[in-house]
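Each remark here refers to the structure printed beneath this line.
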Amino acid sequence: MTPPGAAQGPVRVELLDRGAVTAELERALVDGGYELGGPVADQEPEVTVVAAVRSNRQLVDLVAETSRRSAHVVVVCERFGSSAARLLLAAGAAGLVQQERAGRSLVPTIEAVR
């Protein structure tokens, strides 16, 4: 498998931690060939991963704000109820990943939304 963005350089992913444990997410992203970090030289990352413990109104607001500056937003959370999932998707999330599955699902989800 060719690493993401190999022809144009590594794909930059910003990881926003909102109380979740992110070590596994960071490892999955690096192992998947992504470059972690925030904006560089006034260029926003192509993908922003928002990791939170719970889905709530603050998370929905953060996703709405983040989706205005990032091409793709993926949310990782312990669980999503159907109404929370709808709200996050309406706010601009391109993908949703449950925390317990993030190690094996985060990179494929990012590739799917890209």
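Odds and ends about this structure:
- Taking the convex hull of Cα positions in the chain, its mean projected area over all directions (nm²): 6.6
- Using 0.36 nm per residue and subtracting the Cα-Cα separation, the extra length available between ALA71 and ARG54 on full extension is 3.8 nm.
- Under a Gaussian network description of the chain, with springs only between Cα atoms under 10 Å, the residue in ALA90, ALA20, ALA28 that fluctuates furthest is ALA90.
- For peptides 78-87, 61-70, sequence by mean Cβ density within 10 Å, most packed first: 61-70, 78-87
- Difference of contour (0.36 nm per residue) and Cα-Cα distance, VAL30 to GLU78: 15.1 nm
- Split the accessible area of the chain by element, probe 1.4 Å, and carbon with sulfur accounts for 47%.
- Local charge for SER55 was computed over the other residues whose Cβ lies under 11 Å away, with Lys and Arg +1 and Asp and Glu -1, and equals +4.
- Cα lying deepest toward the dipole's positive end in the chain, options GLN43, GLN58, SER82, charges on Cβ: SER82
- Among beta bridges identified by DSSP and lying wholly in the chain, the antiparallel ones come to about 10 percent.
The values are calculated or read from the model by the stated rules, or taken from the named source; none is laboratory data. Remember, predicted model here, so these are calculated numbers, not experimental data. Note that we place each Cβ from the backbone using ideal geometry, even for glycine, and neighbour counts take in every protein chain shown. The protein model used for the area step is the full one, side chains on, heavy atoms only, and it has no ligands, DNA or RNA in it. Shrake-Rupley method; radii C 1.70, N 1.55, O 1.52, S 1.80 Å.
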